[in-house]
Amino acid sequence: MAAAVSLAACNVVVTKAPLLSPNDEAGAPPLRPGLWRFDTDADCRFDDKAPYVNWPACSGGAFLNAGDAAFYDRKSGKTALQHQAFVLAAGAPRIFQARVAIGGDFSTDSPPYVYAGGRATKVDDQGRIVAFAFWPVQCGPPPPASAGGEKLGAGGTLHPLAGLIMQPGEPVCSTDSVPALRAAAKASEAWAEKIPQARWLRDGDP
């Protein structure tokens, strides 16, 4: 989730309260538990057969299991596995929800909930997802650039989608509507600058 949002630090949907719960996962294929690799940095080359603890700082990965992601936060310098709860709601597209600090007016003392759309690209013989594509849920079409190349609209969209609220000058938007969130998730795939892939590597426990 943090990887998806980092692709678009501005113009993303955030909420102070969660819009989704584990009940929203009902009826949809689950992620296969185990070690996953997130290919968010095309220039990061390494042997993912190595123990996860030895992966380089440029890599992305986590142990995923039943709504919990266990990962090494190498940027913080912490050596113990960190845990982050997430929801992967059913529907088309699937919607990831997690609590991630993104700065701005949303205090890091109480990080907001952020969202990413996703779709399975491969399942195993038990119907569990073993590969998926993901992208940040954006507020609306990315703002145009000025002649100098800077983004207009303080980095946020000039045309928020229906049901999304963006205050003047704010680079992010919010909503209390799940249908509005789902519509934004569906539209955002076309606006993503890149669509990273994630894939299951192997069974394992943190």
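The values are calculated or read from the model by the stated rules, or taken from the named source; none is laboratory data. Computed from a prediction, not measured in an experiment: that's the story for all the values here. Cβ coordinates were reconstructed from backbone atoms using ideal geometry, including for glycine residues, and neighbour counts include every protein chain displayed.
Structure summary
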{"read-out": "Any hit, region 159-181, residues being in contact with a helix residue (DSSP H, G or I) (Cβ under 8 Å, 6 or more places away or on another chain), modelled with pLDDT under 90 and of a type outside the set (Gly, Ala, Ser)", "value": "yes"}
{"read-out": "Flag for Ala190 being modelled with pLDDT of 90 or more, touching a strand residue (DSSP E or B) at 6+ places or on another chain (Cβ under 6 Å) and small (Gly, Ala, Ser)", "value": "no"}
{"read-out": "Answer residue from region 70-90, given it is free of Cβ contacts under 8 Å to residues at least 40 places away in the same chain and small (Gly, Ala, Ser) and is farthest from Leu20 (Cα to Cα) among those", "value": "Gly77"}
{"read-out": "Residue match in region 142-153 (condition: under 17 Å from Cys173 (Cα atoms), modelled with pLDDT under 70 and part of a strand (DSSP E or B))", "value": "yes"}
{"read-out": "Scan of region 42-73 for residues that are in a loop (DSSP other than H, G, I, E, B) and in contact with a Gly (Cβ under 7 Å, 6 or more places away or on another chain), ordered by number", "value": "Trp55"}
{"read-out": "Criterion: farther than 18 Å from Gln197 by Cα, modelled with pLDDT of 80 or more and not aromatic (Phe, Trp, Tyr) - qualifying residue of Asp105, Asp109, Asp73", "value": "Asp73"}
{"read-out": "Any hit, region 117-140, residues being modelled with pLDDT under 95 and surrounded by fewer than 14 Cβ atoms within 10 Å (Cβ to Cβ)", "value": "no"}
